[in-house]
Amino acid sequence: MDKPADTSVSLHPLIAARWSPRALDPAGEVGEAALRALLEAARWAPSNGNTQPARYLVGRRGDDTYRRIFDTLRRGNQSWAGAAAVLLLACAVTENEKGAIPHADYGVGLASENLVLQAVAEGLVAHQMGGFDTDAARAAFALPADVRPLAVIAVGTPGSPDDLPDDRTRAKELAPRTRLPLDQVAFTGEWGRPAF
Ligand SMILES: Cc1cc2nc3c(=O)[nH]c(=O)nc-3n(C[C@H](O)[C@H](O)[C@H](O)COP(=O)(O)O)c2cc1C
């Protein structure tokens, strides 16, 4: 299912096509070359002073890392994310030899958007989740004190909304994607005065 962004001017097709589906094919595969490309895309994201705070734990369906990441998810996310071929735990390294890394979380967000857009380029879908237990993630992977788990990202191939576990999840899947209008997002001169 496609849910392209509704925009006032045309966007790059990758950006227009990206969305966060919950219906994933439980038999869908993510090849090793594609998975490597996703992580390379993340690796080449910009970061404050090139501090490169983003790290990923990579779980492939059936392996122990996947199971441990899955177990940290909130129940609502577990209801659909188990069909993903890959589960990633996105983390921020918050300190380096100079002290606290500035804007570490921002850096992980940039890296993860690179990763998600590369997934679209590979013909895959990716869905980021903040709904997971960060303490459980810390414990599951014995994360060092200076590492902050930030999100789980499900990567896979599209499935059918008919296979989603309940009506509420199916309704979310089928609902239109919405955004604030541009005149509430981009300002000029003073706060709140539309730039367009
Ligand atoms: C940081 C972050 C956390 C999110 N957490 C969840 C989540 O726990 N469960 C979920 O189903 N979707 C989650 N999402 C997906 C958002 O709901 C989704 O990106 C948003 O509704 C916009 O829809 P779109 O990505 O299809 O454009 C999250 C997205 C981000 C960026």
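List of remarks:
- As a rough guide to protection, the peptides 115-122, 102-109, 141-148 ranked by mean Cβ packing within 10 Å, highest first, stand as 115-122, 102-109, 141-148.
- Inverse of mean 1/r across different Cα pairs in the chain, Kirkwood, Å: 17.9 Å
- P(r) histogram, all alpha-carbon pairs of the stretch 33-117 included - 5 Å bins from 0, percent: 3, 15, 22, 20, 19, 13, 7, 2, 0
- Estimated FRET transfer efficiency when R0 is 30 angstrom, pair ARG179-ASN50 (beta carbons, to 0.05): 0.45
- Cα centroid separation, the stretch 8-23 to the stretch 39-105: 22 Å.
- Amide hydrogen proximity for LEU150: with H placed 1.01 Å from N in the peptide plane, the residues at 5 or more positions away or on another chain lying under 5 Å are ALA90, CYS91, ALA92.
- Label point 7 Å beyond Cα of SER79 along Cβ direction - residues of the stretch 3-37 with amide nitrogen under 16 Å: 21-24
- FRET efficiency, 1/(1 + (r/R0)^6) with R0 22 Å, evaluated for LYS3 and GLU29 via beta carbons: 0.45
- Packing-based exposure ordering (other Cβ within 10 Å, fewest first) of MET1, MET129: MET1, MET129
- FRET efficiency for the pair THR134 and ARG36, taken as 1/(1 + (r/R0)^6) with r the Cβ-Cβ distance and R0 = 22 Å, rounds to 0.25.
- Pairs of Cα atoms nearer than 8 Å and 6+ residues apart set the relative contact order; for the chain it is 28 percent.
- Debye intensity ratio in log₁₀ form over the Cα atoms of the stretch 104-196, taken at each q of 0.11, 0.14, 0.21 Å⁻¹: -0.56, -0.85, -1.14
- Separation of the HIS103 and LEU11 label points, Cα + 7 Å toward Cβ, nm: 2.1 nm
Read the figures in this text as sums done on the coordinates, not as results from a lab. Computed from a predicted structure; not experimentally measured. We place every Cβ from the backbone using ideal geometry, glycine too, and count neighbours over all the protein chains shown.
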